[in-house]
Structures are given as structure tokens and as C-alpha cells.
Amino acid sequence: MQFRMSNGQIGQLNPTQIRQIDPLGIGINQTMLDLFKKYPMGNDPASSADRGLNFLILRFNAPKKLNYRTYVLKNDFNIDKAGKHTLSLRSTLADNSEDDVLAQFPGLPSQAQRVDQSKGFSSRYTTVLTPTLVNTFNYGYTRLKNVTTGAPGPSLAFYFANPETSFPRALNRIAPVHNFVDDATWTKGRHTVQFGVNMRLNTNDRASFATSFPSYSFSRNTLAGLGADITDSINAFIRPLYGDNSLRLTEATPV
């Protein structure tokens, strides 16, 4: 572990020295070392918390995939030869997907996708009852279906590093609407009378997994005294090590 000191030099502690500073004598945590091995090497030291002493920022272009498809079908029918009865049908189906939360690191898949599988159907049945009376019945069905995928399980985050995944949570919404409309048109000489009824049935189902899993995080804010005791212990250790009784850390937070 490297750190900047008040004398302008770069200090360093090896695993044995870190164990000596640890009040419990445990030293470096092997679980954390195994976790660090999963991270790719960074490429931007200047932007890191300690400007490259122990941490590196990784910059890369994460791909964003979009796959949009829409299917439309339309049919018109003349039911009788006289043309008094006609039927029109139309349907639309969306099959769209796109990356919503991009890959956390190179080579990994996107963390979440936004999927749109909305669809709609409409029909119109027109009847000429008499030369002066025409009735039109419409039925429409629209179903909004938006799904955002996510990661299950507990999340773990650290102050000094992005987690392997940001743990986006799934969200889905399905909102079907049934619409029934009947219109009648009556013509009498110079006068036209129109009347009808419109009935609509709505449902809105929504499910969110935002609070379905536990979340854990670790930073200096969770330490007693914001980690000041760690800073004091390291200051006390490096002063005799480097022969300077006024020596201290100048960047305590990343340490």
C-alpha cells in the first residue's frame, strides 16, 4: 500500500507491516484480494482517488445494442356482395429491446435491458341497416408492456471501487385497455342524428424489485470516527519507520 506523506515522499507498507498496524493482527483480507483479482487493469491513474498509487480508473467504450421490430397486419373484408356489411381488422405488435444499463467492465454483457412488447388490435364492423341508418361498432385492445430486466441477489458496494455489477433491479408494467364503441348515424331529410356509447376497461399492473433484495455498502463513513483511528495508527507507525516525528499522511481517505 502506497501513500503520500507530509514530507513530499511516497510511503509504502507491506503486508507484514499492515498486520502490525491492525489492532486485531489480521492484516490484509484474503476475500478482498480475491475480489480485486476479478477487476481489469485500469488505464487512467490521474483520475483515481490517489492518482494511481493504489487505484486506477478504467475508461472504455461500452457497447449499446438496440433491436427494434414492429409487426403490422391489416385486413379489410366485404362480407356481402351489396357492401352493406364490412369488417376491418388491424393489429400491431412491438418487439423492441435495447441495453438500458451498459456493461460494467469490458467483455461483460449489459446489466439490464429495456424490453417493449406492447401490442394493439382494432376492429370495425359497419352495417348499413337501412338507406338512412348506419351502425358502426369498434373494438380496440391496447396492451402496454414494458419490462426492464435486472440482477437478483444482494448488492455489495465499496467506497473505492465500482462493484462488478451495479445491481439494477427489474421493473415491469403491463397495462391492457379494452375499448368498446358503438355509433349510429340516422339521416332524415336535411337532418343527421348521431348517437352512441363508449365503454373503456383499464388495468394497470406494475411490479418493482427495487426493494426486494438487501443492499450492503462499505466506506470510511461506516468506520468509527470516520476512520480517524486508522489514520492515527498509520501516522504513529510511519514516524519511527521514516525517522520523522512530525510525519503524517496527506491523503488519509484513500488509505
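Filter the range 1-57 down to the residues that are in a loop (DSSP other than H, G, I, E, B) and among the charged types (D, E, K, R), then identify the one that is nearest to the chain's Cα centre (by Cα).
Selected residue: K38.
Give V197, V177 a once-over and let me know the one that is loosely packed, with under 11 Cβ neighbours inside 10 Å, closer than 30 Å to F121 by Cα and not polar (S, T, N, Q).
Only one candidate passes the filter, namely V197.
Out of the residues in the range 138-164 meeting the condition of being under 17 Å from N204 (Cα atoms) and β-branched (V, I, T), tell me which one is farthest from the chain's Cα centre (by Cα).
T142
Give the range 78-106 a look and list any residue that's without any contact (Cβ under 8 Å) to a residue 60 or more places away in the chain, within 27 Å of the chain's Cα centre (by Cα) and surrounded by fewer than 15 Cβ atoms within 10 Å (Cβ to Cβ), or say none.
Hits for the range 78-106 are D95, E98.
Which of the numbered conditions does T31 fail, given that it passes all the others? Conditions: (1) surrounded by fewer than 15 Cβ atoms within 10 Å (Cβ to Cβ); (2) under 30 Å from V147 (Cβ atoms); (3) hydroxyl-bearing (S, T, Y).
Evaluating T31 over (1) surrounded by fewer than 15 Cβ atoms within 10 Å (Cβ to Cβ); (2) under 30 Å from V147 (Cβ atoms); (3) hydroxyl-bearing (S, T, Y) leaves (2) as the failure.
Is there a residue being aliphatic (A, V, I, L, M), over 27 Å from Y216 (Cβ atoms) and in contact (Cβ under 8 Å) with a residue 24 or more places away in the chain anywhere in the range 155-176?
yes
Could you list, in sequence order, all residues of the range 34-51 that are of a type in the set (D, E, K, R) and surrounded by 13 or more Cβ atoms within 10 Å (Cβ to Cβ)?
Residues satisfying the conditions are D50, R51.
One line per residue, one yes/no per condition, for (1) acidic (D, E); (2) more than 30 Å from G140 (Cα to Cα); (3) out of contact with any helix residue (DSSP H, G or I) (no Cβ under 7 Å at 6 or more places or on another chain):
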| site | (1), (2), (3) |
| --- | --- |
| L56 | no, yes, no |
| Y68 | no, no, yes |
| L73 | no, no, yes |
| K84 | no, no, yes |
| L89 | no, no, yes |
| L93 | no, no, yes |
| D99 | yes, yes, yes |
| Q111 | no, yes, yes |
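Would you pick out the residues in the range 220-234 that are of a type in the set (S, T, Y) and either in contact with a helix residue (DSSP H, G or I) (Cβ under 7 Å, 6 or more places away or on another chain) or under 11 Å from D22 (Cβ atoms) (or both)?
S233 - this is the single residue of the range 220-234 that is of a type in the set (S, T, Y) and either in contact with a helix residue (DSSP H, G or I) (Cβ under 7 Å, 6 or more places away or on another chain) or under 11 Å from D22 (Cβ atoms) (or both).
What are the residues in the range 167-190 that are farther than 16 Å from T211 by Cα and among the aliphatic types (A, V, I, L, M), if any?
Residues satisfying the conditions are I174, A175, V177, V181, A184.
Going by the structure shown, is L73 surrounded by fewer than 15 Cβ atoms within 10 Å (Cβ to Cβ), under 34 Å from the mean Cα position of the chain (by Cα) and not in a loop (DSSP other than H, G, I, E, B)?
Criteria met by L73.
Is it the case, given these coordinates, that T132 is more than 39 Å from the chain's Cα centre (by Cα), polar (S, T, N, Q) and closer than 26 Å to M199 by Cα?
Here the answer is yes, as T132 does meet what is asked.
Suppose the filter is surrounded by 13 or more Cβ atoms within 10 Å (Cβ to Cβ) and at pLDDT below 95; does F158 pass it?
When the stated conditions are applied, F158 passes them.
For the range 182-239, how many residues meet the condition of being at pLDDT below 90, within 33 Å of the chain's Cα centre (by Cα) and charged (D, E, K, R)?
Result for the range 182-239: 1.
Of all residues in the range 204-255, count the ones that are under 24 Å from F158 (Cβ atoms), outside any loop (DSSP other than H, G, I, E, B), touching a strand residue (DSSP E or B) at 6+ places or on another chain (Cβ under 9 Å) and not hydrophobic (A, V, I, L, M, F, W, C).
5
Could you tell me which of the residues P23, P63 is loosely packed, with under 10 Cβ neighbours inside 10 Å, over 15 Å from I238 (Cβ atoms) and out of contact with any Gly (no Cβ under 8 Å at 6 or more places or on another chain)?
P23
The values are calculated or read from the model by the stated rules, or taken from the named source; none is laboratory data. Predicted model, so just to flag it, every value in this text is computed and none were measured. Cβ sites come from the backbone with ideal geometry, for glycine too, and all protein chains shown count toward neighbours.
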